[in-house]
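Have a look at the structure below before the remarks.
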Amino acid sequence: MNFTLIIPARYGSTRFPGKPLASIAGKPMIQHVYERASLAKGLANIVVATDDERIQAVVEGFGGKVVMTNPDAATGTDRINEAIAKLGLPDDEIIINLQGDQPLVDPISIEQLITLFEKHPGEFEMATLAYQITNEKDIDDPMQVKVVFDNQHHALYFSRSRIPFGRDTNEYPVFKHIGMYAYTSRFIQMFAKLPHGTLEQLEKLEQLRALEHGHKIKIAISAFNSQEVDTPEDVKKCEARLAID
């Protein structure tokens, strides 16, 4: 199996314009993401997929690879689908989608997704990660997406709400979804053509489209949380974490 990691990065974030270039401890965020991904074992290639020449210049400036994509791409998956075509990747290539707003991603988490596909060939075409929430505030935070899964670790549902809801107790594990995906190139090309689902549009969670159309998503439990950067305030949280590390 060949594994290519693609980092979708757009400049025009509504809540945080220019987010991939935000400085974290003196280094642009996209560089943190790229360099941490490069520490993962088993990747054949790492590429940033962007629509912005400023991001392209920064990535090439630190020696990274870039593919330019359409600025009108509706989602990160659409951007990755376009990148796959431009890179000429075969249908059986395993693509890892690492969001460009995860500057503290642990390389072992990436390796977990690689291991899933290596150990379960043909069982599924899409996989992602979950982390058991330890901070009670995160459980009811809609920015922290939750996931529930079956006994074979196939996702049942993703939600911005607390799931499951304990009618009689709060003493049970709740899992956060870590927004990193792995899938075959063939699956992404098919997924990009599917109509958007009702649940997807309600929750604003793209992965629900796969479940609504009957596709399995395999879940690996990660020992590592990932600090996403959604607002400028999150930059300070990342810098605090880096200072501790």
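The values are calculated or read from the model by the stated rules, or taken from the named source; none is laboratory data. The structure presented is a predicted model; accordingly, all values stated were derived computationally and were not measured. Glycine gets a Cβ as well: all are built from the backbone with ideal geometry, and neighbour counts include every protein chain shown. Each accessible area value is taken on the protein alone, full model and side chains, heavy atoms only, with ligands, DNA and RNA left out. Shrake-Rupley method; radii C 1.70, N 1.55, O 1.52, S 1.80 Å.
Quick look at the values:
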item: About the Cα centre, charge dipole magnitude for the chain (Lys/Arg +1, Asp/Glu -1 at Cβ), debye; result: 100 debye
item: Highest-MSF residue in the chain out of Lys204, Lys216, Lys137 [GNM, Cα springs under 10 Å]; result: Lys137
item: Unit charges on C-beta of K, R, D, E only; dipole of region 64-170, Debye; result: 240 debye
item: Rounded to 5, percent antiparallel among DSSP beta bridges of the chain; result: 55 percent
item: Formal net charge of residues neighbouring Asp106 (Cβ-Cβ distance under 11 Å; K, R +1; D, E -1); result: -1
item: Charge dipole (debye, nearest 20) of region 1-139; +1 at Cβ of Lys and Arg, -1 at Cβ of Asp and Glu; result: 500 debye
item: GNM flexibility winner over the chain from Leu21, Leu87, Leu104 (Cα, springs under 10 Å); result: Leu87
item: Accessible area of region 163-245 belonging to carbon and sulfur atoms, whole % at 1.4 Å probe; result: 55 percent
item: Per residue solvent-accessible surface (Å²) - region 114-245, probe of 1.4 Å; result: 54 Å²
item: Cβ-derived FRET efficiency at R0 30 Å, Thr115 paired with Asp141, nearest 0.05; result: 0.50
item: Among Lys218, Lys146, Lys65, residue whose mean-square fluctuation peaks in a GNM of the chain (springs only between Cα atoms under 10 Å); result: Lys65
